[in-house]
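Worksheet: one structure, shown below.
We did not get these values from a lab; they are worked out from the coordinates using the rules stated. Remember, it's a predicted structure, so these values are computed and weren't measured experimentally. All Cβ positions, even for glycine, are placed from backbone atoms using ideal geometry, and neighbour counts span all protein chains on display.
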Amino acid sequence: MMSTNEIFERARLSRDARFDGRFFVGVRTTGIYCRPICPANAPKSENITFYRTAAAAGEAGFRPCLRCRPECAPGTPAWAGTSTTVQRGLRLIADGALDDDNLDNLAYRLGVTSRHLRRLFSKHLGASPLAVAHTQRLHFAKNLIDQTSLSMRDISVASGFGSVRRFNDTFKKTYGRTPGELRRRQATNVRSSAFSVQLPYRTPFDWSSLLAFFAARATPRVEMVKDGRYLRTIALGDARGIVDIHDAGDHLSLSLHGIGTESLFSIVQHARSLFDLDASTDDIYGVLTGDPVLKRLLKTQPGVRVPGSWDGFELAVRAVLGQQISVSAATTLAGRIAERYGEKITVPVDGLQQAPDRLFPEPKKLLRARLETLGIIGSRARTIRSLARAVVDGTLGFDAAQAPEDFCESLKAIKGIGDWTAEYVAMRSLKNPDAFPASDLGLLRAFDGRDRERMKPTELAARAEAWRPWRAYAALLLWGSSKGAGG
């Protein structure tokens with residue numbers, strides 16, 4: 001059996017694209033770190049060191065290669081198999097938790113000491129939390145330099161550097177050049193009021209299935225799926241705008257309409273989570289192909305992803321609405337809530353005569369909402385108001401810092417919310433890859449056969465034990481099968 005380094009060495013020498021983003025190569029003779037697909041002449045084996053993450057290579061003193069551009073690698077699934085604390089920490093860092101470089105606050109949110117958090121990151125990722133955050137900001141800024149015509153000031157703000165001077169000093173130290181010197185002289189993809197950012201992903205990637213999932217559940221006037229594009233309204237502080245995402249072949253292209261760059265980093269991370277761009281496909285397949293049913297489904301759905309959510313509260317309301325009614329009926333009810341209680345915005349979008357024009361209402365707007373007049377039955381209306389109350393008073397949050405088990409228990413403490421709703425929300429909002437609503441009728445139907453009765457939830461849960469920690473992906477495969485139409 002080959003060691004990890006032997007596998008990485010073969011992948012490096014063959015420039016195997018399947019390993020792009022899964023490790024990086026530090027070249028000691030040049031002081032540069034590269035992707036395994038770097039087109040430069042391969043250095044000698046005795047002159048290289050493998051790193052699981054770009055942050056680890058950077059912390060070891062290597063600088064990014066300007067030829068293969070490590071910042072363009074698909075999302076690194078380095079969290080796969082790590083401790084749950086590291087997983088939650090990475091999600092918080094992606095959300096900007098270390099923009100102020102305060103490690104103690106991050107550790108407090110995760111319920112550990114900063115020393116223990118550093119130890120966990122070093123063990124599992126080979127880099128400190130601050131190094132991960134630094135590399136994240138650096139790579140994001142480098143992409144904006146190459147892909148947009150944004151000013152250096154806007155880029156420094158969008159990538160969380162705090163000041164142009166710090167931004168310039170970091171790039172001079174890392175690349176030996178200023179940001180202005182690094183900017184390529186090429187036509188930008190900025191058009192009218194929008195500008196675009198590339199979101200690379202690892203193939204296979206089933207964009208059409210993801211888009212179909214969102215299309216069936218798109219809240220009218222808040223979301224729209226049209227001509228291969230996903231659009232939705234967003235609010236960031238006082239700013240109101242629309243995100244516009246489509247597949248561009250080997251990456252997603254994200255455009256912003258009506259909103260500035262101040263929160264661009266957060267928007268990009270939301271989008272990556274929404275479309276599950278950093279899924280650890282090889283690890284997922286390695287586990288799920290052990291089940292003959294899932295193995296067959298993976299052949300027809302090789303690019304399966306777990307759809308995320310833009311806002312946890314919005315998804316939770318939608319999940320409550322979807323209890324024991326059809327997907328289309330829940331979509332209609334969600335649209336009625338948005339139309340009556342959501343804020344109206346007007347943001348023009350190129351190529352569309354009518355764009356989404358409602359923000360989904362914040363929790364405080366639904367505390368006393370008369371939802372029964374919208375056709376929502378009394379028990380579910382009361383559950384939604386209780387859900388809103390729990391968010392407003394702080395007893396329920398959708399913070400990635402909390403353990404999925406604790407989140408589900410807090411959610412189930414609200415009358416009218418059971419295991420199915422809690423697991424479904426944890427799957428999509430907290431991005432828990434092991435969430436699994438075992439009582440879902442669509443999942444149970446997927447195992448129907450001529451010579452057997454309908455599988456019971458306890459039987460499905462027992463079978464799903466072998467699918468850990470990727471049960472959420474198993475659920476999407478089963479929902480996508482001819483019999484499993486739930487979710």
q = 0.13, 0.16, 0.24 Å⁻¹: log10 I(q)/I(0) that the Debye formula gives for the stretch 84-182, counting C-alpha atoms only: -0.49, -0.69, -1.14
Compute the Rg to Rh ratio over the stretch 288-364 from the alpha carbon atoms, using the Kirkwood formula for Rh, and round to two decimal places. 1.14
State the Cα centre-to-centre distance between the stretch 114-186 and the stretch 40-64 in whole Å. 18
Sorted from fewest to most neighbouring beta carbons within 10 Å, what does the list F205, F436 look like? F205, F436
Just the isolated ones, please: cysteines in the chain lacking another cysteine beta carbon under 4.7 angstrom. C72, C408
Starting with the highest mean, order 160-167, 134-141, 327-334, 452-459 by the number of other Cβ atoms within 10 Å, averaged over the residues of each peptide. 134-141, 327-334, 160-167, 452-459
The helix 264-274 Cα axis meets the longest alpha-carbon principal axis of the chain at an angle in degrees, between 0 and 90 and rounded to 10, of 60
In order through the stretch 334-348: 3J(HN,Hα) via Karplus (6.51 cos²θ - 1.76 cosθ + 1.60), integer Hz, x for Gly, Pro: 4, x, 5, 4, 5, 5, 7, 10, x, 6, 8, 10, 10, 10, x
Gyration tensor (Cα only) of the chain to equivalent ellipsoid, semi-axes in Å sorted down, yields 37, 28, 21
Under the 7 Å Cα-to-Cβ spin-label approximation, R67 and S208 lie apart by a distance in nanometres of 3.8
For the stretch 221-281, which chymotrypsin sites (Phe, Trp or Tyr not before Pro) are in a loop by DSSP, counting at most 11 other Cβ atoms within 10 Å? none
For a footprinting-style exposure proxy, rank F8, F121 by other Cβ within 10 Å, fewest first. F8, F121
Would you mind checking K123/K431; K226/K299; K364/K431; K123/K364; K299/K456 for any pair whose Cα atoms are more than 32 angstrom apart? K123/K364
Using Cα centres only, tell me the gap between the stretch 216-272 and the stretch 408-433 in whole Å. 25
State to the nearest 20 debye the size of the charge dipole of the chain about its Cα centre, where the only charges are +1 on K and R beta carbons and -1 on D and E beta carbons. 320
Rounded to 10°, Cα long-axis angle of helix 312-321 versus longest principal axis of the chain: 30
From the gyration tensor of the Cα coordinates in the stretch 4-54, what semi-axes in whole Å does the equivalent ellipsoid have, largest first, with each one equal to sqrt(5λ)? 15, 11, 11
For Y51, Y175, order by how many other beta-carbon atoms lie within 10 Å, fewest first: Y175, Y51
Which value, in debye to the nearest 20, describes the size of the charge dipole of the stretch 2-96 about its Cα centre when Lys and Arg Cβ atoms bear +1, Asp and Glu Cβ atoms bear -1, and nothing else is charged? 140
Volume per residue (Å³) of the convex hull spanned by the alpha carbons of the stretch 371-487 is 124
